[in-house]
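These notes concern the structure reproduced below.
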Amino acid sequence: MPPKYASAGAAAARCTARDPLNGHLAAAIAVLIWASYPVATRAGVTGGFAPEELVTLRFGVGALLFLPYLIWRCRRIGRGAWLRGIPLTLFQGAGMGALVIGGLQFAPANHQAALGPGVSPAWVALLGFLVFARRPTSRALIGAALCALGVLALAGGSALRLAPAVLLGDAMFLAASALGALYVLQLRSWGVGAVPAAAIVSLYSALVVVPWHLCCAERSLLGVAPIDLLWQTLWQGLLIGCISLVALNRAIEKLGAERSSALVAFVPALTALLALFFLGEVPSLSETAGILAISAGVTVAVSPLYGGSPASTSAEMKRVACGLSRPG
């Protein structure tokens, strides 16, 4: 290895050794936001908010927060990234967000965490093979199989309880997760950075949902109780829209992409605990089994998904991790 690269690697290692807490703290913040988001959103859509109001807050506030970054980086963001942001907005923007928030009307928060970010690595492996002809590793296949068993346990439990509304919500979560996987794969294929992509997607989504809400909504968001509006603005726009992405990127910088993205395995179980405590949603035996199977599948699957050089594997893992940073 050339001396300059060896010295750079040594400097990075010393920096990480001096500051390990920041990486773990950043990862913990990202995981807590991902796990809490379904609980907060479920409380909103079963309380005083319509789903389209939360979608408006999600992307309207997110776009405002990203606007200074877009103005600052406008000339450095290539024309191709602006054009590719249009389909990416369907995958990870208003299309995905509407499915997640709409599905939380019908299904519990722990289902969204398990069937959303929980099965995203399995979707990445499956769609990567079917759409992009990328051969997954054996670990990715084993993880996908465990996730599939978890999905069957969750859906089977809802079917046995004759809960078609819950099945509809589950289907919406799975569709949203598939869109999120396509987003990850397209980011890899197109080479669009995670932060510029998030900013462009938020802006394009806001340009759709905010005018639609102003023209078609039955009421103004100003008519909502101020404390409830502040609470959902915090969750929908600030925490899930911006802070989780910044925290994840910080964790990747300090801990590495694989270790950071593997932490998503904690999300389904943590969401189930938060939903039990704050919403009184008690998981059944089949739901508990499904959540555990999906968490195990994520633990196995979130590893280098495809063969290749260490550098390309690290880049792939970073893109997968960044794709998991915005669950809805």
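Observations on the model:
- Kirkwood hydrodynamic radius of the range 104-170, from inverse mean 1/r over distinct Cα pairs, in Å: 12.7 Å
- Vicinal HN-Hα couplings computed from phi for the range 141-151 (Karplus, 6.51 cos²θ - 1.76 cosθ + 1.60; Hz; Gly/Pro x): 5, 5, x, 5, 5, 5, 4, 5, 4, x, 4
- Computing Rg and the Kirkwood Rh from the Cα coordinates of the range 170-214 gives a ratio, Rg/Rh, of 1.07.
- Packing, taken as the mean count of other beta carbons within 10 Å per residue, orders the peptides 98-107, 153-162 from highest to lowest as 98-107, 153-162.
- Inter-label distance, Leu214 to Trp72: 2.6 nm, where each label sits 7 Å from its Cα along the C-beta direction.
- Each peptide in 37-50, 121-134, 275-288, 211-224 was scored by the mean count of other Cβ atoms within 10 Å over its residues; highest first, the order is 37-50, 121-134, 275-288, 211-224.
- Directionally averaged projected area (convex hull, Cα atoms, the range 21-323), nm²: 15.4 nm²
- Protection proxy ranking, highest mean first, for peptides 75-84, 237-246: 237-246, 75-84, where packing is the per-residue count of other beta-carbon atoms within 10 Å, averaged.
- Approximating the spin labels as points 7 Å out from Cα along Cα→Cβ, the Asn22-to-Ser189 distance works out to 3.6 nm.
- Two-site FRET efficiency, Ala171 against Leu149, from Cβ-Cβ distance with R₀ of 22 Å, rounded to 0.05: 0.80
- 3J(HN,Hα) couplings calculated from phi for the range 181-194 with the Karplus curve 6.51 cos²θ - 1.76 cosθ + 1.60 (θ = phi - 60°) are, in sequence order, 5, 4, 4, 4, 5, 5, 4, 5, 5, 8, x, 7, x, 5 Hz; Gly and Pro show x.
Since every read-out is calculated from the coordinates, none of them should be taken as a lab result. Because the structure is a prediction, the values reported are computed rather than measured. All Cβ positions, even for glycine, are placed from backbone atoms using ideal geometry, and neighbour counts span all protein chains on display.
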